[in-house]
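Each remark here refers to the structure printed beneath this line.
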Amino acid sequence: MSAALIELAGIERVFYLGDSEVHALRHLELRIDSGEYVAIMGPSGSGKSTLLNLLGLLDHPNTGTYHLEGRDVTTLSGNEQARVRSERIGFVFQSFHLVPRLTAAENIALPMTLAGIAPDERNRRVAHALKDYGLADRAGHRPDQLSGGQRQRVAIARATIMQPAMILADEPTGNLDRHTGEEVMRLLEELNARGVTLIVVTHDTTLGARAHRQLLMEDGELKHDSATPCAPVT
Amino acid sequence: MRTRDLIGFARRAATGNPLRTCLLILAMAIGVAAVVVLTALGDGARRYVIGEFSSLGTNLVIILPGRSQTGGFNPGNAITSTPRDLTIDDAQALLRGSAVHRVVPLAVGTSEISYGGKLREVMVAGTNAAYLEVRRLALAQGRFLADGDWRRGASEAVIGATIRDELFGVEPALGQLVRVGDRRFRVVGVMATSGQGLGMNTDELVIVPVSLAQAMFNSNTLFRIMVEAGSREAIELAKAQAIDIIKLRHEGEEDVTAITQDAVLATFDKLLGTLTLAVAGIAAISLAVAGILVMNVMLVSVTQRTAEIGLLKALGATGATIRNAFLTEAAMLSLAGALLGYLLGQGGAALIRQLYPTFPAYPPDWAVLAGLGTALLTGVLFGVQPARRAARLDPVLSLAKH
Ligand SMILES: Nc1ncnc2c1ncn2[C@@H]1O[C@H](COP(=O)(O)OP(=O)(O)OP(=O)(O)O)[C@@H](O)[C@H]1O
Ligand SMILES: [Mg+2]
């Protein structure tokens, strides 16, 4: 059995809205190994995005621990967490989140720019990525000059440019038509085939079925995990 | 993040919203331009006055009748009641002072001048031969009053350029006889056009020997006595000697006021220097306003760009990187504004010099540096708060907004 990439224990995430409390995540126990392909599914408001944000160190649990590659990352300082995000995690969002004033090439290079990587090395890697994702002739285009599929390909190139250990994708095909969505998923799956852990949040059951493992969220709880044969019964 | 990338990123962010950026730069530029132009005006006024005073002659001590309590220059001195008049003998006695180089008595009054049926009112100055050199004046034609006994004097007159034009037109003036008051004078010289300036304008002046002027006005008092010291260093000594000599002649009473050109200059210098400073202060307020504007616009910009900030954090940016990016942007906007304002200000000052060639409207170096410095400082200081707010943004919340 391969090493545990992610280990969540006793995770609780509560949002306070005035007087009311929203339990976005409840007593969550989860282990994801390196190289897995996991789909997180469930109804709207069930806590899928909250879980993904937590895994990406964009959010903190109220209680519980999160070990990433054996290291307890919940106690890291802000700067250390930023470093983990920079080096180990790639994000792909439903609405692409490209910087509108930067070109495709500059958007792809952004994580390297932020990390202080030298321009030569950046250019080399960006040129490579542009070719890999079929964007070679779009390098100088700004996001508003690209189609949805091209934008998401830029976003994926950006997510992988730092060679992260895992890709977290929150409904990456949500804003794309079926065909383009398929194409994007194929790209992500190719990455997974090369060993990158892939965690995808999706509403689409057929897309979710393509993953090697399905997690079903409901009301902040993990209702079903296809990796454990006997799912907890309600 | 590398510095070059940081600057590039900030530049792209600034140019990404050209209207906002232009307005900010303009606000900053107006502040700096105001400092530059206003101090150019203030300092120009100071230089102008000092220049004009210097052209009256240097190393001068002016003796006025009457005692003024305060030292230094006071325009009221000229009209204080006179306990004891200054006379030609007083003036002549001043020549005994070792530090005294030349003495010029001055009696002033108005009279009428006529020639060939033309008549006009004129200012008459009674003085001596030294007047020309002490006042650094130039002649256009002829000669000045002859040197000789101050109490006698020949019936000769030197007339100003305007008087010459009005009375003689194209005719030669030299050697002609004119009537001033009830006396006849021979015109021996014509003053060069003096242009505008402080003090007495010689263009409309008739200069005659002091004794004749006194006779004309039927008095034996002097308006003032100008004492020229041998050198700049001797001014104070000449002043002390002059006061001592007059005191001795006035039964031990010190009933005159001696003012030195230096004191007058120092007073004006201080006065106009303070004015320039005050004006610079007022202009600096517009810079502070520009700074507050920068802060508000940057705060709005942080709010508008929350999604981007969240994204940058997701991509591994630290709080410090984000703070620096916003600070760099604020600094760049301020710098651009300050430079533009500097150019506008210098342009404005140059325009003023073009329109008023005699007015030395140059902004002082300190004001230019202070203006640029304040602009940069306010821009950066007021940029700190928005930058910190951006750095503290919760990435999830900022990503959720778009
Ligand atoms: N910042 C927040 N403040 C308050 N409540 C929040 C916040 N973020 C999420 N929640 C609440 O937490 C619960 C889980 O939200 P989450 O976004 O994880 O749902 P989701 O499964 O991703 O839904 P969807 O499929 O619609 O994206 C919801 O009830 C939501 O209202
Ligand atoms: Mg969601």
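Quick look at the numbers
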quantity: Relative contact order (%) - segment A:92-200, alpha-carbon pairs under 8 angstrom, separation at least six; calculated: 35 percent
quantity: Neighbour net charge for A:His128 - beta-carbon separation under 12 angstrom, K R +1, D E -1; calculated: +2
quantity: Compactness of the protein assembly as shown - radius of gyration and Dmax, Cα, Å; calculated: 44.2, 136
quantity: Neighbour cut-off at most 15 other Cβ (10 Å), DSSP loop, trypsin sites (Lys or Arg not before Pro), segment A:152-234; calculated: A:Arg194
quantity: Solution diffusion estimate, µm²/s, Stokes-Einstein, segment B:335-402, Kirkwood Rh from C-alpha pairs, 20 °C, viscosity 1.002 mPa s; calculated: 142 µm²/s
quantity: Relative contact order (percent, whole number), chain B, Cα cutoff 8 Å, 6+ residue spacing; calculated: 30 percent
quantity: Neighbourhood net charge (11 Å Cβ-Cβ; Lys/Arg +1, Asp/Glu -1) for A:His67; calculated: -1
quantity: Lysine pairs in the protein assembly as shown with Cα atoms under 24 Å, if 8 or more residues apart or on separate chains; calculated: 6
quantity: Area of B:Lys118 that stays accessible when all protein chains are in place (1.4 Å probe, Å², to 10); calculated: 90 Å²
quantity: Antiparallel %, DSSP beta bridges [both residues in segment B:84-254], to 5; calculated: 75 percent
quantity: Trypsin sites (Lys or Arg not before Pro) restricted to segment B:262-324 and DSSP loop, no more than 10 other C-beta within 10 Å; calculated: none
quantity: DSSP H segments from chain B that extend 30 Å or more along their own axis, Cα-based, with Kyte-Doolittle mean of 0.0 or above; calculated: B:18-55, B:261-304, B:319-355, B:365-392
quantity: Rel. contact order, % - alpha carbon contacts under 8 angstrom, at least six apart, segment B:84-254; calculated: 34 percent
quantity: Euclidean distance of C-alpha centroids, segment B:141-207 and segment B:228-254, integer Å; calculated: 31 Å
quantity: B:Arg67-B:Gln304 pseudo-label distance in nm [points 7 Å out on the Cα-to-Cβ vector]; calculated: 7.4 nm
quantity: Residues of segment B:19-49 with amide N under 14 Å of a point placed 7 Å along Cα→Cβ from B:Tyr356; calculated: B:37-49
quantity: Residue-averaged 222 nm ellipticity for the protein assembly as shown, from DSSP H runs of 4+ at -39500 (n - 2.57), nearest 500; calculated: -15500 deg cm²/dmol
quantity: Efficiency of FRET from Cβ geometry, A:Glu121 and B:Leu23, R₀ 35 Å, rounded to 0.05; calculated: 0.35
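The values are calculated or read from the model by the stated rules, or taken from the named source; none is laboratory data. Since the model is a prediction, treat every value here as computed from it, not as a measurement. Cβ: placed from backbone, ideal geometry, glycine included. Neighbour counts: every protein chain shown. Note: accessible area is taken over every heavy atom of the protein model, side chains too, but ligands, DNA and RNA are not part of it. Shrake-Rupley method; radii C 1.70, N 1.55, O 1.52, S 1.80 Å.
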